[in-house]
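The values are calculated or read from the model by the stated rules, or taken from the named source; none is laboratory data. Every value quoted in this text rests on a predicted model; they were computed, and no experiment measured them. Here Cβ is always computed from backbone atoms with ideal geometry, including for glycine, and neighbour counts include all displayed protein chains. Only protein heavy atoms, including side chains, enter the accessible area calculation; ligands, DNA and RNA are left aside. Shrake-Rupley method; radii C 1.70, N 1.55, O 1.52, S 1.80 Å.
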Amino acid sequence: MDFYLKKENTYERLLKEYKAYNTLVVAFDFDNTVYDYHQVGMEFTEMIQLLQELKAIGCYLIIFTANEDETFIKNYCDEKKIPFDAINENPPFYQSKARKIYYNILLDDRAGLQEAFEHLKKLIIQVKS
């Protein structure tokens with residue numbers, strides 16, 4: 001099996017990176033990851049709590065979204081107490097002209113959200129202990 005198809009290897013990589021830099025860059029999608037885009041009654045309590053805990057341990061949080069209404073996104077995040085450091089921009093400590101932003105891990109309802117969530121919860125527990 002390919003190395004990063006093993007969950008324990010992806011987690012160990014995150015932990016190693018956090019220990020090396022005392023931070024991770026966590027990108028998260030907006031629509032249907034922290035905001036109910038289709039207004040069908042979805043809740044995001046656990047995701048918001050995770051982002052708050054990540055911020056508390058020094059992670060840099062980037063909203064990575066196709067939603068173009070930055071004013072709405074900022075107001076929504078302020079209202080829901082969702083921390084973020086940037087929207088669709090690289091962190092200041094990583095300069096690149098590439099279109100893809102840099103991150104250590106992505107939280108996205110269409111890209112392995114559950115596994116990424118579990119890895120980050122485990123990391124928070126380990127960092128706090």
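Numbers below:
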{"read-out": "Unique residue being out of contact with any His (no Cβ under 8 Å at 6 or more places or on another chain), among the β-branched types (V, I, T) and open to solvent by 60 Å² or more (accessible area, probe 1.4 Å) when the list is T45, T65, T23, T33", "value": "T45"}
{"read-out": "Qualifying positions in the range 72-129 - among the aromatic types (F, W, Y) and under 19 Å from E17 (Cβ atoms)", "value": "F93, Y94, Y102, Y103, F117"}
{"read-out": "Which numbered condition G58 misses (of (1) assigned to a loop (DSSP other than H, G, I, E, B); (2) farther than 18 Å from A111 by Cα; (3) over 14 Å from the mean Cα position of the chain (by Cα))", "value": "(3)"}
{"read-out": "Contacts under 8 angstrom Cβ, first residue in the range 1-16 being more than 12 Å from Q126 (Cβ to Cβ), partner open to solvent by 100 Å² or more (accessible area, probe 1.4 Å) and aromatic (F, W, Y), 6 or more apart", "value": "N9/F3; T10/Y4; R13/Y4"}
{"read-out": "Hits in the range 77-93 - residues which are part of a loop (DSSP other than H, G, I, E, B) and under 16 Å from the mean Cα position of the chain (by Cα)", "value": "K81, I82, P83, F84, D85, N88, E89, N90, P91"}
{"read-out": "Residue that is nearest to C77 (Cα to Cα), among those in the range 2-20 that are open to solvent by 40 Å² or more (accessible area, probe 1.4 Å) and among the aromatic types (F, W, Y)", "value": "Y4"}
